[in-house]
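This report refers to the structure that appears directly beneath it.
Since every read-out is calculated from the coordinates, none of them should be taken as a lab result. Keep in mind that what you see is a predicted model, and the values were worked out from it rather than measured.
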Amino acid sequence: MAMADTGQIMGEMPTDTPSSASDLCDVVRETGWERFVVKPTISAGSFMTKRFTSDQVREATEFAAEISIGREAMVQPYMASVETGGEVSLIHIDGELTHCIVKEPRFSDGFESVSAAFQPDASLAAAAATAMKAVPEPWLYARVDLMRAEDGQWLLSELELIEPSLFFLQHPPALERFIAALMRLVQSGQRSSA
């Protein structure tokens, strides 16, 4: 998704999908990332996600090779802002931004710490709206995950459209909206097939 086309409200998380161990070494050397994360391109709940430092490239390449047995691995810079501000998840249900939560950093097999739900400020809502422009409508649900860059700009870390956690426990009205939208879809499907 080209953020420049939508007003540069946010940027994209720098991401590379190295095809080999030497590619991963090159990415780390060329970018100058002191800390970075290796994870599968498709995953859930921080499965097979680990943080490394630039002096752990060998361990990172071994881990990427392990991921690559059944998936594609990707590497991203580790954003220090997650240690103080977490990753913000903006949940959308049936065409509406319903709530946000903050997730603290979690790596493979770690405990997930999630904040109470809250409503986004203007900059978060604008960044989420920018990301959602890439999603063809209609959609039942989506989750936009953002992190702060060192310069304060929001970065899109993930746009979750397939079975994301929607944090209904933190905001039950979103579950009610989801159920109502799902029922409406089921009922319209039954009418159209009759």
Task: Gained length - R51 relative to E137, 0.36 nm times residue gap less alpha-carbon distance - done: 27.5 nm
TODO: Alpha carbons only, please: Rg and Dmax for region 56-101, in angstrom.
DONE: 16.3, 45
- [ ] Would you kindly give the portion of the calculated P(r) for region 14-77 that falls above 14 Å, as a percent of all Cα pairs?
- [x] 46
TODO: Note the full-extension length gain between S19 and A149 as 0.36 nm times their separation in residues minus their Cα-Cα distance, in nm to one decimal.
DONE: 44.2 nm
TODO: Please list, in chain and number order, the residues 5+ apart from M74 or on another chain whose amide H is under 5 Å from its amide H, with Hs placed from the backbone.
DONE: K39, T41
Task: Span per principal axis, largest first, for the Cα atoms of region 82-193 (Å) - done: 52, 29, 25
- [ ] Determine the gain in length on full extension of the stretch E30-E163; use 0.36 nm per residue of separation and subtract their C-alpha separation, reporting nm with one decimal.
- [x] 44.4 nm
- [ ] Bin all alpha-carbon pair distances of the chain at 10 Å intervals from 0 and give each bin's fraction as a whole percent.
- [x] 8, 32, 33, 19, 6, 1, 0
